[in-house]
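Asker: Quick one: structure below, then a few questions.
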Amino acid sequence: MKFARLLTIAALAACFSLPAVADGDGKDRVTRPEPTQKLRIRPGGSGPQSHHLNLGINKAVIIELPEDARDVLVSNPQVVDAVVRTPRQVYVVGMKAGPANAFFFTASGKQLLNLEIRVERDMPELKSLIERNVKGADITVETINDNVVINGSVKNASDAEAARQIAMRYVTDPDKQLKKDAVVNRVAIRGGDQVMVRVRVAEMQRSLAKQFGVDLTAAFDVGKNLPISLSSSNPFSLLGQALSSSTAFNFGNLKGGNSVEAIVKAFERSGLIRTLAEPNLTAVSGESAKFLAGGEFPVPVARDRDGNVQIEFKPFGVGLGFTPVVLSEGRISLRISTEVSEITGENAFVSQGGLAVDSDGNLIQVPGITIPGLRVRRAETTVELPSGGSMVMAGLLQQSMKQNIDGIPGLKNLPILGSLFQSRDFQSGETELVVIVTPYLVEATSPKNLALPTDGFVPASDAETILLSRLNAVYGNKGAPAQGSLKGPVGFIVR
């Protein structure tokens, strides 16, 4: 019995004995096996106990577990809060928009549940809110963290703006500043959103100028050695110059070598100006557009140290700028500005020039310059019109009368004879201006339906130009080019 027990111990020792390895000097060395380590990574959302949950802000769900849970781990407590009601019942509350996950373990460390949670705003509620307030809207709503993306289509631009305003207020917490950048508006407009505006500027000006003046030159001899000469030249201070050539009345030599000469200046001028401008421009709803038909003229603004003139260019001509917004079917809101300007000599600035010192200290002659004035008719406003409807955007009825009497004090007040010592300058003007605006909802068309003012023009040959003084060729229906013709006052064509 004792021998059998020894054999058993020897067998166990042989089983657990370590192998010996001979080293370099022939001695046996005992080697021990290295302990093996096990590393396991269990990412959330990939195991059999994983579930995904979309949770609204300030809303909760009840989690019922199959076994008692001892530990609950939440990755981001600011986004998700977990309240353990019983070991098998847990409340999960969404606190803030964002992603998070939660793990549930038993007392032995067994994983009961891995919950992948995304907290976001209640998009079905926002979609229902927009559709109730915006009639005919086809809207889809998505979230990116705490931001909202609106897609779909509406009838017009005002409905699109209403949907954006509702979404901004939905994502903004009470008593907080409105989150304007939290909404990405990708809503399209189903109706026509291209607007063409036609502006007509019509103006009539009538002017009248009258001038009458007498210049006297007299020479007298008082005594034998005391000659006296008198001369008066009455200016026209209103217009700045005489409009007519002078007509002289010489009364001849009087007794004793005395003489009197009178120059009468009398003239009357009437003027009529007609202005008609019709700029047309097309733009997409909500976008601005500008149009200018004219030019730019140089205006001196400064001089350098060497006396060189520095200039800037100022635009003039027919200008139009507007921003349309399609509010509803056939209703258009226009922010519009129009201008008609022309160069004129009135109120011009004239510099006579003079001497100046350059950078080297030398005197140089600076030439005179003349800066012309601009006569401008400008209007800017916001109107709301139906497509094809017209409205007088601006109007002006102006009458002005100016009159000056210049003369020699005392003498110009004499009855009848006072007219010989004075000049009268009279100016009258009347202006009637009307600006009419008409917007249209437009769509693209085929190029064959459009015509140009240059269509049908054929230049004359050398023989026609020299012998018949023609600038364009004249032809009948047989030789006419197969071109479309213009309809309405939209251009000019020479046939």
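The values are calculated or read from the model by the stated rules, or taken from the named source; none is laboratory data. Model, not experiment: these values are computed from the prediction. Here the Cβ positions follow ideal geometry from the backbone for every residue, glycine too, while neighbour counts run over all protein chains shown. These area figures cover heavy atoms from the full protein model, side chains too; ligands, DNA and RNA do not enter into them. Shrake-Rupley method; radii C 1.70, N 1.55, O 1.52, S 1.80 Å.
Asker: Do we have any residue at all in the stretch 217-235 that's among the aromatic types (Phe, Trp, Tyr), touching a strand residue (DSSP E or B) at 6+ places or on another chain (Cβ under 6 Å), closer than 20 Å to ASP406 by Cβ and modelled with pLDDT under 80?
Answerer: Scanning the stretch 217-235, I find no residue that is among the aromatic types (Phe, Trp, Tyr), touching a strand residue (DSSP E or B) at 6+ places or on another chain (Cβ under 6 Å), closer than 20 Å to ASP406 by Cβ and modelled with pLDDT under 80, so the answer is no.
Asker: Mind checking which residues of the stretch 57-75 are touching a Lys or Arg at 6+ places or on another chain (Cβ under 8 Å) and more than 30 Å from VAL171 (Cα to Cα)?
Answerer: GLU64, LEU65, PRO66, GLU67, ASP68, ALA69
Asker: Consider PHE457 against the criteria (1) outside any loop (DSSP other than H, G, I, E, B); (2) at pLDDT below 90; (3) touching a strand residue (DSSP E or B) at 6+ places or on another chain (Cβ under 9 Å): it satisfies all of them except one. Which criterion is unmet?
Answerer: For PHE457, the exception is condition (1).
Asker: Could you check the stretch 279-303 and list, in sequence order, the residues that are outside any strand (DSSP E or B) and open to solvent by less than 70 Å² (accessible area, probe 1.4 Å)?
Answerer: Filtering the stretch 279-303 down to residues outside any strand (DSSP E or B) leaves 279, 285-288.
Passing the criteria: PRO279, SER285, GLY286.
Asker: In the stretch 409-448, how many residues are surrounded by fewer than 16 Cβ atoms within 10 Å (Cβ to Cβ) and among the hydrophobic types (A, V, I, L, M, F, W, C)?
Answerer: Final tally of qualifying residues: 7.
Asker: Please give the number of the condition ARG118 fails out of (1) assigned to a loop (DSSP other than H, G, I, E, B); (2) among the basic types (Lys, Arg); (3) within 30 Å of ASP68 (Cβ to Cβ).
Answerer: It is condition (1) that ARG118 fails.
Asker: Please go through the stretch 123-172 and pick out each residue that is among the acidic types (Asp, Glu), touching a helix residue (DSSP H, G or I) at 6+ places or on another chain (Cβ under 9 Å) and outside any strand (DSSP E or B).
Answerer: So in the stretch 123-172, the residues among the acidic types (Asp, Glu) come out as 125, 131, 138, 142, 146, 159, 161.
This time we only want the ones that are touching a helix residue (DSSP H, G or I) at 6+ places or on another chain (Cβ under 9 Å), so: 125, 138, 142, 146.
Correct list: GLU125, ASP146.
Asker: Ok, one more. State which residue is nearest to the chain's Cα centre (by Cα) when the search covers only the stretch 307-322 and only residues that are surrounded by 13 or more Cβ atoms within 10 Å (Cβ to Cβ) and within 23 Å of ASP360 (Cβ to Cβ). Explain how you work it out, then say what you get.
Answerer: So the first thing to find is which residues in the stretch 307-322 are surrounded by 13 or more Cβ atoms within 10 Å (Cβ to Cβ), and the list is 307, 309, 311, 314-322.
Restricting the remaining residues to those that are within 23 Å of ASP360 (Cβ to Cβ) gives 307, 309.
Values: GLY307: 39, VAL309: 33 Å.
Restricting to residues being surrounded by 13 or more Cβ atoms within 10 Å (Cβ to Cβ) and within 23 Å of ASP360 (Cβ to Cβ), the top hit is VAL309.
Asker: Quick check on my filter: what residues within the stretch 60-100 are part of a loop (DSSP other than H, G, I, E, B), more than 25 Å from GLU120 (Cβ to Cβ) and not hydrophobic (A, V, I, L, M, F, W, C)?
Answerer: Selection gives PRO66, GLU67, ASP68, ARG70, PRO87, ARG88.
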